[in-house]
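In what follows, a single structure is set out as C-alpha cells and then discussed.
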Amino acid sequence: MATLDGPQRDPKNGGNADSFVILLHGISGCGDDMMFLADGLADALPGTKFYAPNAPHPYDFANDPKSNRGADFDPTGHYQWYNRFSERTRQQGLYEIAVPLNAFIAECAKENGLDESRGAVIGHSQGCMTGLNVVPRRSSPLGALIVHSGYLFSPDSLPQRKTQRERFFAEVKSHTPTCGIHGTEDSVQAWQMMQEAIATYDELGIPAEFHLIGGLGHAIGPRSIAIMSSFLQEHLPPIKS
C-alpha cells in the first residue's frame, strides 16, 4: 500500500475477499497490536481481508502530556494518528489524518475489486477518535464503523466542545452504520464520552448502537469481539454469487 503500511491477513476461506476491515490502533501502538482481532473475527467473517496499518506519525512521547512512558522509553516502532499535545494539535491532526486514511480505504477497496461500501473500520482509543471524526465526514459511507474506548468531542473544554459540535454537524456528509463499545472500568476515558458520541450520531441520523461492557477497562475483550462479529455479519454479509 502506498498510503499506509502495516500487517494484513488474507481471508480465512482462502478465496477472494468479499469485504475488508481496517484496524486502527491506539496512541503509541502499531498495526501488530490490532492483528489479534483478525484472529478473533475470522470465523464470523471468513471472506474478509484484514488490514492493520501503522499510523503515519512516529509517537512523540516527549510532547505527549498524558504519556506514562519513562525517560528510557524507545519510541521506535510506536506511532500516533495525531499529536495530542493540545486541543489545537488534536483538531488539526484529525483533519489532516483524513487524507491518508481515506486514500488507504480506497486502496484497500481497489486491491480487492470491491466497492468501499464493502469495507469497515474498527478503531480503539486514538484509533477510535480517528474513526469517529473521519468516517462521517467522508463523501460516501462504508459498510460499518466500530469504535471502542474513545470520545468524539473534547472532554476537557466546554468552549471547545461547543465549537467542535457545531463544526461536526455542519461537516457530516455520510451515514455509516456505527457500533460504539466501552468498558465500565475504563480509567483512561469515561464511558459516558462514548455514550455521548453515539447519541450525537443518532441525532444526526447516523444508524448507531452503544454497548457498555461491565468490568472491562481500556481494552478490547472477548465480549467486545462477540459484539463486533455480530455487527459486521449484519452489515458486511457474504456476497451471494
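Rule-based calculations on the coordinates, nothing more; no lab input. Everything numeric in this text was worked out from a predicted model, so none of it was measured. Cβ placement follows ideal geometry from the backbone for every residue including glycine, while neighbour counts extend to all protein chains displayed.
Rounded to the nearest 0.05, what FRET efficiency do residue 13 and residue 174 give with R0 = 22 Å and r taken as the Cβ-Cβ distance? Could you check?
Step by step, r from the Cβ atoms, then E = 0.15.
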Gaussian network model of the chain, Cα within-10 Å springs - most flexible of 206, 181, 27: 206
Degrees, to the nearest 10: 222-235 long Cα axis against longest axis of the chain: 60
Proxy reagent accessibility, fewest Cβ within 10 Å first, across 128, 30: 30, 128
Fraction in percent of alpha-carbon pairs per bin - 5 Å, the range 26-146: 2, 10, 20, 23, 19, 13, 7, 5, 1, 0
Cross-link pairs 66/110; 12/110; 110/240 - those with Cα-Cα distance over 31 Å: 66/110
Using alpha-carbon coordinates, inclination of helix 191-203 to the longest axis of the chain, degrees: 60
Neighbourhood charge, 14 Å Cβ-Cβ cut-off, centred on residue 154 and excluding it, Lys, Arg +1 and Asp, Glu -1: +4
Between helix 158-171 and the chain: long-axis angle, C-alpha atoms, 0 to 90°, nearest 10: 30
DSSP-defined antiparallel bridges as percent of all bridges, the range 8-235, nearest 5: 15
Distance histogram in 5 Å bins (all Cα pairs of the chain, percent per bin): 1, 7, 14, 20, 21, 18, 12, 5, 2, 0, 0, 0
